[in-house]
Amino acid sequence: MLCLGVESTAHTFGIGVVDETGKILANVIKPYTTDTGGIIPGKAADHHVELCDVTLREALAEAGVSIRDVGLISFSRGPGIGNCLKVGAFTARSLALRHGIPVVGVNHCIAHLEIGRLLTDASDPVLLYVSGANTQVISFESGRYRIFGETLDIGVGNLLDVFARHVGLGFPGGPRIEEMARKSSNYVELPYVIKGMDVSFGGLLTNIQRKHNAGLSTEDLCFSLQETVFAMLLEVSERALAHCGKDELLLGGGVACNRRLQEMARVMCEGRGAKMFVPDDRKVLVDNGAMIAWLGILEKARAKLGVADTGILPYWRTDQVEPNRNSS
Ligand code: AMP
Ligand code: MG
């Protein structure tokens, strides 16, 4: 059985096709980007509407199948930007009704965890999920997906993107900051903010913007930004590993593409006899339809014909999801 998964929580519209063994037959991603500002919800949604048809055709062609071969449709029900989520939900529900295919709405954050488990040897990991909008440390523990730490304000990717834009590096900022950071090893002290198990980036952003305005070098600031925020994220991740008694750390989300984050995560894990996992393919780290399709397969018992219970849930938290698995 093939599942077609639709992703549209924020900047990316994506459609993936995955079979029941977890083989990814297609994963087409269409990101909405802008040089001038952040995501304007209405504009991102327009982008998704404009590209939904071509994305579907490309995904089916890449998989070498027709919509009649698809036995299940899944989509990101939340969390995300309402306008954007609606486009994915409309796409999925329309296809389901038109072709008489069962449909299931799934949680975007859990999809990042489950695609990592599928594609790496991690079996019961703590996930450090670091993307544009989201920053969470998640694990399946005592019968539920639980959040052990998260950002209290902006996502780490958003922090990198806003700072990159401030210093004229353009968008997306993460990869450009990574490049600049390689040119320096001069650490400038920045606010290191952990409250309990949560992190906060808002004050750090103001502080580093001021330092840049005062004339400190962009290379030094990019280097220091990475060292500071990655250390914060890994401190919380390490505490989650210790608390849960787990020995696998999985990285997910677009910021997990960062080599320095991967290296620091590896060093932390080695230090405590744990293993670090990160999928090789950047297309499964960023927002994508294949991970939604795979979670659809795992949640297929919940799929129904018709569109009852398929409304979007923009504020759906990871720990509100009723899990479909008993153990890891
Ligand atoms: P996502 O929201 O998961 O699709 O990921 C997008 C985010 O990942 C954006 O904020 C990017 O700036 C960030 N990103 C992508 N590549 C890198 C990288 N190499 N280093 C840091 N951040 C990155
Ligand atoms: Mg994401």
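The values are calculated or read from the model by the stated rules, or taken from the named source; none is laboratory data. Bear in mind that the values here come from a model prediction, so they are computed numbers and not experimental data. Every residue, glycine as well, gets a Cβ built from its backbone with ideal geometry; the counts of neighbours run over all protein chains shown. SASA here: full protein model, heavy atoms, side chains in, ligands and nucleic acids out. Shrake-Rupley method; radii C 1.70, N 1.55, O 1.52, S 1.80 Å.
Per-residue ellipticity at 222 nm, computed for the chain from helices alone with -39500 (n - 2.57) per DSSP H run of at least four residues, works out to -13500 deg cm²/dmol.
For the chain, the residue among 228, 111, 55 whose Cα projects farthest onto the positive side of the dipole built from Cβ charges is 55. Taking 162, 156 and ordering them by how much accessible surface each has at a 1.4 Å probe, largest first, produces 162, 156.
Lysine pairs in the chain whose alpha-carbon atoms fall under 19 angstrom of each other, counting only those eight or more residues apart or on distinct chains, come to 9.
Screening the chain for whole DSSP H helices with an alpha carbon extent of at least 27 angstrom along the helix axis and a mean Kyte-Doolittle hydropathy of at least -0.5 yields 41-63, 218-244. For a label point 7 Å from the Cα of residue 267 along Cα→C-beta, name the residues of segment 191-221 whose backbone N is under 19 Å from it. From segment 191-221, the list is 191-193, 220-221. Dipole size of segment 122-278 about its Cα centre, with +1 on Lys/Arg Cβ and -1 on Asp/Glu Cβ: approximately 140 debye, rounded to the nearest 20.
Could you give the size of the charge dipole of segment 257-328 about its Cα centre, using +1 on the Cβ of each K and R and -1 on the Cβ of each D and E, expressed in debye and rounded to the nearest 20? Taking the Cα centre of segment 257-328 as origin, the dipole is about 160 debye. Expressed per residue, the C-alpha convex hull volume of segment 122-278 stands at 97 Å³. Dipole orientation for the chain: of the candidates 289, 81, 237, 81 has the Cα lying most toward the positive pole (charges on Cβ; Lys, Arg +1; Asp, Glu -1).
Label point of residue 195 set 7 angstrom out along Cα-Cβ; within segment 144-179, amide nitrogens under 17 Å from it belong to 148-156. Once the 1.4 Å probe is applied to the protein heavy atoms, the chain comes out at 41 Å² accessible per residue.
Residue 18 sits with roughly 0 Å² accessible to a 1.4 Å probe, with DNA, RNA and ligands left out of the calculation. A crude spin-label estimate for the pair residue 152 and residue 260, with each label 7 Å from Cα along the Cβ direction, gives 2.5 nm. For a paramagnetic label modelled on residue 185 (point 7 Å from Cα along Cα→Cβ), amide N atoms under 17 Å away belong, within segment 255-289, to 260-261, 263-264.
Amide H to amide H distances under 5 Å link residue 27 with 17, where only residues 5 or more positions off or on other chains count and H is placed in the peptide plane. Over all orientations, the chain has a Cα convex hull whose mean projected area works out to 15.6 square nanometres.
Dipole size of the chain about its Cα centre, with +1 on Lys/Arg Cβ and -1 on Asp/Glu Cβ: approximately 440 debye, rounded to the nearest 20.
The protection proxy used here, the mean number of other Cβ atoms lying within 10 Å of each residue, ranks peptides 112-118, 77-83 as follows, highest first: 112-118, 77-83.
Placing R0 at 22 angstrom, the Cβ-Cβ distance between residue 21 and residue 69 gives a FRET efficiency of 0.90 after rounding to 0.05.
When 185, 66, 76 are compared by accessible surface with a 1.4 Å probe, the order from highest to lowest is 185, 66, 76.
Cα centroid separation, segment 259-328 to segment 1-58: 16 Å. Around the amide H of residue 141, modelled in the peptide plane, lie the amide H atoms of 146, all under 5 Å away and 5 or more residues distant in sequence or on another chain.
Here's how it looks for residue 154: its modeled amide H is under 5 Å from those of 201, 202, which are all 5 or more places away or on a different chain. Heavy-atom surface analysis with a 1.4 Å probe gives the chain a carbon and sulfur content of 50 percent of its accessible area. Our coupling estimate for segment 132-147, obtained by passing each phi through the Karplus curve with A = 6.51, B = -1.76, C = 1.60 and θ = phi - 60°, is x, 9, 10, 9, 9, 10, 10, 8, 8, 9, 6, x, 9, 6, 10, 9 Hz, Gly and Pro reported as x. Full extension of the chain segment joining residue 40 with residue 317 gains 97.5 nm, where the gain is 0.36 nm per residue of separation less the Cα-Cα distance.
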